[in-house]
Structure formats: C-alpha cells, structure tokens
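Undergrad: I'd like to ask you about the structure that follows.
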Amino acid sequence: VINDEVDDWTTPVKRFFSPPPKSEAPKKKIVVLGSGWGALSFIRKVDPEVYDLTVISPRPYFFYTPLLAGSATGTVSFRNILEPIRNFCSRTGRAGVQYIKAEVLEVDIKTQQVKCSIPGGGASLSVGYDELVLAVGVQPNTFGIKGVEQHALFLKELEHAQMVQRRVLACLEHANALFLAGAAPSAVDKLLHFVVVGGGPTGVELCGELSDFVADDVAERFPAIAGRVKITLVEVLPRLLNMFDATMSKYALDNLNERGVDVKLQMGVCEVGSDYANIKPTAKDAPKNAKATRLDTAMVVWVAGVAPRPLTKSIQAAIGPEIQNDRRGLKVDGQLRVMGADHVWALGDCAFTGSPPTAQVAQQAGKYLGRLFRDVVPNAKSPDDISAAPPFKYDHKGVLAYVGDAKAVAQINNPFGKSRSQDHAVWRTLYQWAPVDEEVKVSGVSAFAFWRSVYFSKLLSGRNRSSVAYDWWRTSVYGRDITVAPQSTLKQRSSIVSLEETLATK
C-alpha cells in the first residue's frame, strides 16, 4: 500500500526540482464523471499543474462502500463513512478542482460536450472537455423480474442503506405494537421477516449485520418479539460467495445458519410484491413447472446483481453496436480508452476490462489512468504513443466478507505461492479470468480482525478513521443507535422545504 502511494509525495518533489517548461497554451480540460473509487483515485494521481480538472456528479461526496451493510444496521454512522468531494480535493492538494453537482443527461462525443441537469428548477448546463473520464459506476440489475423495481429495496447507494435502516426499525416498532395489541401472529411475523436476495459479499454481510443486530440489540430492546424475527437469504447458485473457495463458502453458510439465518440455495425470485416474495427452485434437476413458494415479508433487499447505467448505455448506442456491444459495460482498450470514441476514457464498474466490478478494480484502474495522464499523455505525439504504454493490469489482493458474530472469511493473495481462487466458474464465465497466484484462506475471529484492519486502513481520511473507530467502540459498549427520525420530522416546520423543492416551484 505504501509503495503504491509513494508517488503522491515524490511527484511534487520532482516537479519542484525539475519543473516542466512553461507553456502559454491553456491547460487541457479533463472532465470526470462520478465521485466513487475510480474517480477519486484518478484525481489523486493526475497532475493538477498540467490539467484543468472538473468533476461532475449528483453526489457531492464519496461513501465507503465496504461498510455500507454496517451502516444499514447502525454499526457505523452514515456520516462517518462519507468524504465530501471538496474536502478530498483540498486535503490531497487538488483545491483547484472544480466540482459541479449535476445529473449528466448526455455525452456528445462528436462535439465533446457533457449535457447536465442541475437539481431543482430544471436548469441545464453544458460542459466542454478535451478529455473525458467516465467513472459513473453501475446500478442494481432487476433482471426484469416482476415487482422488484416497485417493491424491493436495494443496497448500492448510501440512500439505499438509509431506507433499509428505516424499514427495519419501522417494522420492529409496528410489529411490537401489533403484538401487544393482540394482533394475529401472521401479521406480526410478516413484519419481522426480512428477505435478502443475493448471496454475494453484500448479501452475506447484510445478513451477518442483521443477525448481530437481532442478537445484540433487538433481543434487549424488543424482548417481546425478538424471538420471532426471521432473516432469509435467497441465492440462485448452489453456494454462497462464489468468488471464494468452496471451504470459505461453506464456513459462511454454516455460520449464518448458526446465527439463525435461513439460507435458501438454488432458489430464484420470480416475483416481489408489497408484502411477499415468490421463489422457485433453480437447480438443473428441478421440475420446470415447480410451484412457487411464497415468503410473507415486509422487506425484500435486492443485491442480486448490477447493470450499466442509462448514461453508459446511451454512450454505447452513440458509438454503435458494431463496436460497443457488451452488456457488461463500455469496451475499452488496454489503456482504458473507450473503443470508438476519441478522447473518452472509462474505468471502474462502467468499463468492461475483463476484471470483476469491484471497488478494488476501480481503485487500481483510477490510479493507473491518473499516472498515465501524468506521465505519458502530456508527452504523447499521437495515439500510438499512448498505445505503447503498458496496459492496465489488475493486481488481485484478495477478497473479504463479514459473516456475523465477529467472524469473517478472507482469501488473501500470497506472493510466495500459486493459486487458482480467481479461476472459479463465475469470474471465468463472466470476466474470462485465468488462474493466478494462490491465496491464503482465513476464517473466524482472526479473519474478522483482518477484515476490520484492512477496511479501517482504507478509509480516506483521519476523520473517517477516528469516527469509525469510535462507532465500533460505541456499538460494542452501548449497542447500535436505533433512533432514526421519521422523514416528516426532518423539517423544522411544514413551510420549510428542500432547496430543490423550492427551486422547482419557481
């Protein structure tokens, strides 16, 4: 990690002792779309003395995705996993970066213009660029399943975690009141049944966090109904955490079962309603006309996959299906240039590089592209000079997942051995990976300690680290905070509305 960041310190020193020749030509303008892992990693590595940087995103902050599941249950506070974009730029010596809070509607690759909509009032803005970096990420994939978009909750953005937290607490309070009022047991049980769809790291970690919340906090604060809470995890594949070794997947399954989580493998959701989810078996030998099983529930959290955002699809359409025809994202070359579009680059989840759509890949791609713009692009006389640069190569460090009860599973890249952990069927099929070095497999409390230490060290600022450390201590001593103000009480009085609502009425 230290070696990977040392150029943050050495580059300014080199610039001081060997400044580049002064030029009267205006700086080239780079527009970055997005404020996630890839975007911030790129901004940190690119040279602000050479380029004029503009960041456009509807989200004026970066949020730390590995702790998103924990924020949904109150293990950590939402604000403590945020880093405002302006703070980040100022702290990393990029105070000259211009940030614009706007929603990008369209990218005109011919005129090199980014067309944006400003929240509230319908005002629009067009921003020109010399180079465009796309780091817009992805969105949840509903696979066209009936009712998912209308009734399920997602866990991809910070707002999603807030909605999950509100729903869980609302269900607990309502169920407790109904129970004390003598309501039908079925009505109470429906409110206390939480269904999570997707057995990847996000789904498993959310179930682990929910099981901790039930065991540590619900049992103490809602003793009358704590024993009725049920958590169900639905996974379409034969095992959980398919990017892990089978032994790690089994450990996660066994631990969740011990925590009371009902894991349903080889079951797929066929419909979601306002108070139910229908599931069917997906095993190869399952009857094709098998009857769906109804799960009565007041909350379905959908973490079953991702898909390109509309902006990504519109850029693909503008380039044409002859070149951009991959459903997983924008096809890029080895230097992360979008195929079929001059002066457009893509990284992270919105780009198809052959690597999985993870924060780890996005962060490394952002650093690579920032260094490319810093060290290669300014001196390139033609596109061939850029093509001659070493291509982006993802260096897999390992995978981690929390499974509840202060336990985790970890597969850590071992530089001294040989491994095939990345050659599992899912990545091999979706992302065409080849076998690489062997990974060390760790599970239990020691893996949990490693999980926390890694994620703690990766937090962006000292403020984040101190705040999250306090959250973890507070949770272990005092329990999770279950005080969430209803949305209607967030306004001081009924006449006070948000800035966007005020502008929209004018």
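Undergrad: Could you please tell me which pairs satisfy a Cβ distance under 9 Å, a separation of 6+ or placement on different chains, a first residue in the range 25-43 that is in contact (Cβ under 8 Å) with a residue 24 or more places away in the chain, and a second residue that is open to solvent by less than 10 Å² (accessible area, probe 1.4 Å) and among the acidic types (Asp, Glu)?
TA: Here the result reads Leu40/Glu83, each pair linking the range 25-43 to a residue that is open to solvent by less than 10 Å² (accessible area, probe 1.4 Å) and among the acidic types (Asp, Glu).
Undergrad: Follow-up. From the list Glu159, Glu131, Glu149, which one is charged (D, E, K, R) and buried (at least 16 other Cβ atoms within 10 Å of the Cβ)?
TA: Working: Glu159 fails: buried (at least 16 other Cβ atoms within 10 Å of the Cβ); Glu149 fails: buried (at least 16 other Cβ atoms within 10 Å of the Cβ).
From the options Glu159, Glu131, Glu149, the qualifying one is Glu131.
Undergrad: Select, from Val236, Val197, the only residue that is of a type outside the set (D, E, K, R) and closer than 25 Å to Phe63 by Cα. Explain how you work it out, then say what you get.
TA: Working: Val236 fails: closer than 25 Å to Phe63 by Cα.
Step by step, each of Val236, Val197 is checked, and only Val197 is of a type outside the set (D, E, K, R) and closer than 25 Å to Phe63 by Cα.
Undergrad: Is it true that some residue in the range 152-161 is at pLDDT 95 or above, more than 17 Å from the chain's Cα centre (by Cα) and assigned to a loop (DSSP other than H, G, I, E, B)?
TA: Checked the range 152-161: at least one residue is at pLDDT 95 or above, more than 17 Å from the chain's Cα centre (by Cα) and assigned to a loop (DSSP other than H, G, I, E, B).
Undergrad: Residues being farther than 15 Å from Ser249 by Cβ and either small (Gly, Ala, Ser) or in a loop (DSSP other than H, G, I, E, B) (or both): count how many of those fall in the range 405-416. Even if it seems obvious, please write down each step before you answer.
TA: Taking the range 405-416 as the starting set, the residues that turn out to be farther than 15 Å from Ser249 by Cβ are 405-406, 412-416.
Checking which are either small (Gly, Ala, Ser) or in a loop (DSSP other than H, G, I, E, B) (or both) leaves us with 405-406, 414-416.
Total meeting the criteria: 5.
Undergrad: Among the numbered criteria (1) open to solvent by less than 10 Å² (accessible area, probe 1.4 Å); (2) touching a residue at least 40 places away in the same chain (Cβ under 8 Å), which one does Leu233 miss?
TA: Among (1) open to solvent by less than 10 Å² (accessible area, probe 1.4 Å); (2) touching a residue at least 40 places away in the same chain (Cβ under 8 Å), Leu233 violates only (2).
Undergrad: Can we say Arg79 is of a type outside the set (Phe, Trp, Tyr) and open to solvent by 40 Å² or more (accessible area, probe 1.4 Å)?
TA: yes
Undergrad: For the range 428-482, give me the residue count where each residue is in a helix (DSSP H, G or I) and at pLDDT 85 or above.
TA: Qualifying residue count, the range 428-482: 31.
Undergrad: Okay, moving on. If you take just the strands (runs of 3 or more DSSP E) that sit entirely in the range 261-366, which of them hold at least 1 residues that are touching a Pro at 6+ places or on another chain (Cβ under 7 Å) and open to solvent by less than 30 Å² (accessible area, probe 1.4 Å)?
TA: Working: elements: 261-265, 267-272, 276-281, 293-296, 299-302, 306-308, 344-346.
Per the criteria, 299-302.
One line per residue, one yes/no per condition, for (1) of a type in the set (Val, Ile, Thr); (2) over 21 Å from Leu105 (Cβ atoms):
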| residue | (1), (2) |
| --- | --- |
| Val300 | yes, yes |
| Gly305 | no, yes |
| Pro310 | no, no |
| Gly320 | no, no |
| Ile323 | yes, yes |
| Lys331 | no, yes |
| Gly334 | no, yes |
| Arg337 | no, yes |
| Gly340 | no, no |
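The values are calculated or read from the model by the stated rules, or taken from the named source; none is laboratory data. Everything numeric here is computed off the predicted structure, so don't read it as measured data. Reconstructed Cβ throughout: ideal geometry from the backbone, glycine too, with neighbour counts over all protein chains shown. Just the protein is used for accessible areas: all its heavy atoms, side chains included, with ligands, DNA and RNA removed. Shrake-Rupley method; radii C 1.70, N 1.55, O 1.52, S 1.80 Å.
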